[in-house]
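Just below is one structure, and these are the notes that go with it.
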Amino acid sequence: MENAQNILSWYITAGIETICGDEPYNALQKNETSENVGQTINMPKTVENIGKTNVRPATTLLAQENSAACANAKELCTKAQTLEDLKAIMENFTGCSLKFSANSTVFGSGNPQAEIMLIGEAPGADEDRMGEPFVGRSGQLLNKMLAAISVKREDCYITNVLPWRPPGNRTPTDAETAVCLPFLHRQIELIKPKIIFLLGASAANAVLGKADSISDMRGHFIEYTLPNGDSIPTLAGYHPAFLLRSPAQKAKAWSDLMRLQRKLEDL
Ligand code: URA
């Protein structure tokens, strides 16, 4: 019994939280009964096979599926005229596999007329359980960070790049981020905040379309351009979860908060 508990807790630590079937199987093996004959997800057995007829590497098919899901997400998002519409669309959207392992679709929360919008990476375990962004330990630190610059959390709008928790809190893949981005872009358009504070590298890279480290991005104002050409200043800073692990970086986080406060005073 104790052994079984140890094995289960090891799986959970490794991010394996979902049981897909009773028996292990080879997901790469050709499925002769598949209805998609000619499109089977059939990995090439040898390097020489690559590029030959009838061989379609799984990655190609997945990339095609992902780009179709991205196009679908974009189209659906343009139909949302309100945050409520967008939330309903997101809750019904099935183009991101993270949805199937998550307990909740964690939509943004807070003041829809907020001047400040805060964007994190993705829900963690507490957020997934409660269906609200930043309610766990990171959220508690975030509340203190906001209070330190006299900003009330209830005056802000808080959301994440991804509304579904990646298993084991792993970093979201580029494909997962890409398919969820249209929902974030539309949230920004509907809120139209005066300033956006980007929490951590995932949020900063996703919103600004970069692939830089947070150490390089933090502390500078960079404009985010809306589809109508208007722009919103963004400031990137360390994610509260990182600050909980690396308290020595709190001095830099404090200077970013000071910068944010000065900008707010100028608005
Ligand atoms: N980390 C995030 O990026 N978002 C949350 O909502 C919670 C933790």
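So which of Lys210, Lys144 is open to solvent by 70 Å² or more (accessible area, probe 1.4 Å), more than 14 Å from the ligand (Cβ to nearest atom) and within 27 Å of Ala63 (Cβ to Cβ)?
So the residue among Lys210, Lys144 that is open to solvent by 70 Å² or more (accessible area, probe 1.4 Å), more than 14 Å from the ligand (Cβ to nearest atom) and within 27 Å of Ala63 (Cβ to Cβ) is Lys210.
Filtering the range 54-64 for residues that are in contact with a helix residue (DSSP H, G or I) (Cβ under 6 Å, 6 or more places away or on another chain) and modelled with pLDDT of 95 or more leaves an empty set.
Any idea which of Leu226, Leu181 is among the aliphatic types (A, V, I, L, M) and either away from the ligand (no atom under 16 Å from the Cβ) or farther than 21 Å from Ser109 by Cβ (or both)?
Leu226
Consider Glu121 carefully, then state whether it is of a type outside the set (Phe, Trp, Tyr), in contact with a strand residue (DSSP E or B) (Cβ under 9 Å, 6 or more places away or on another chain) and either open to solvent by less than 20 Å² (accessible area, probe 1.4 Å) or within 16 Å of the ligand (Cβ to nearest atom) (or both). It is true that Glu121 is of a type outside the set (Phe, Trp, Tyr), in contact with a strand residue (DSSP E or B) (Cβ under 9 Å, 6 or more places away or on another chain) and either open to solvent by less than 20 Å² (accessible area, probe 1.4 Å) or within 16 Å of the ligand (Cβ to nearest atom) (or both).
Is it the case, given these coordinates, that Glu35 is acidic (Asp, Glu), at pLDDT below 85, open to solvent by 80 Å² or more (accessible area, probe 1.4 Å) and in a loop (DSSP other than H, G, I, E, B)?
Numbers: acidic (Asp, Glu): yes; at pLDDT below 85: yes; open to solvent by 80 Å² or more (accessible area, probe 1.4 Å): yes; in a loop (DSSP other than H, G, I, E, B): yes.
Judged against the criteria, Glu35 is a match.
Against the conditions (1) more than 16 Å from Asp128 (Cα to Cα); (2) open to solvent by 20 Å² or more (accessible area, probe 1.4 Å), Ser97 satisfies every one except (1). Looking across the range 124-141, the residues that are open to solvent by 60 Å² or more (accessible area, probe 1.4 Å) and either over 21 Å from Ala206 (Cβ atoms) or not acidic (Asp, Glu) (or both) come down to Arg129, Met130, Arg137, Gln140.
Within the range 124-139, being more than 22 Å from Asp85 (Cβ to Cβ) and either free of Cβ contacts under 8 Å to residues at least 40 places away in the same chain or within 8 Å of the ligand (Cβ to nearest atom) (or both) holds for Gly124, Asp126, Glu127, Asp128, Arg129, Met130, Phe134, Val135, Gly136, Ser138, Gly139. Look at Asn92 and say whether it is more than 16 Å from the ligand (Cβ to nearest atom), at pLDDT 95 or above, under 24 Å from Leu208 (Cβ atoms) and open to solvent by 40 Å² or more (accessible area, probe 1.4 Å). For Asn92, the condition - more than 16 Å from the ligand (Cβ to nearest atom), at pLDDT 95 or above, under 24 Å from Leu208 (Cβ atoms) and open to solvent by 40 Å² or more (accessible area, probe 1.4 Å) - is not met.
Against the test of being crowded, with 18+ Cβ neighbours inside 10 Å and away from the ligand (no atom under 16 Å from the Cβ), the options Ala102, Ala80 yield a single qualifying residue, Ala80.
Here Val151 clears all of (1) in contact with a helix residue (DSSP H, G or I) (Cβ under 7 Å, 6 or more places away or on another chain); (2) in contact (Cβ under 8 Å) with a residue 60 or more places away in the chain; (3) open to solvent by 10 Å² or more (accessible area, probe 1.4 Å) except the condition numbered (1). Entry remark, the range 245-262: residues being open to solvent by less than 60 Å² (accessible area, probe 1.4 Å) and not acidic (Asp, Glu) number 8 in total.
Would you pick out the residues in the range 184-204 that are free of Cβ contacts under 8 Å to residues at least 60 places away in the same chain, of a type outside the set (Asp, Glu) and assigned to a helix (DSSP H, G or I)?
Our first condition is that a residue be free of Cβ contacts under 8 Å to residues at least 60 places away in the same chain; within the range 184-204, this holds for 189, 192, 201, 204.
Those still in the list that are of a type outside the set (Asp, Glu) too: 192, 201, 204.
Selection gives Ala201, Ala204.
When the range 157-178 is limited to residues that are surrounded by fewer than 20 Cβ atoms within 10 Å (Cβ to Cβ) and outside any helix (DSSP H, G or I), the one that is nearest to the ligand (Cβ to nearest atom) turns out to be Thr171.
The values are calculated or read from the model by the stated rules, or taken from the named source; none is laboratory data. Remember, it's a predicted structure, so these values are computed and weren't measured experimentally. Methodologically, a virtual Cβ is constructed for each residue, glycine included, from the backbone with ideal geometry; neighbour enumeration extends over all protein chains shown. Please note that ligands, DNA and RNA were not included when accessible areas were found on the heavy atoms of the full protein model with its side chains. Shrake-Rupley method; radii C 1.70, N 1.55, O 1.52, S 1.80 Å.
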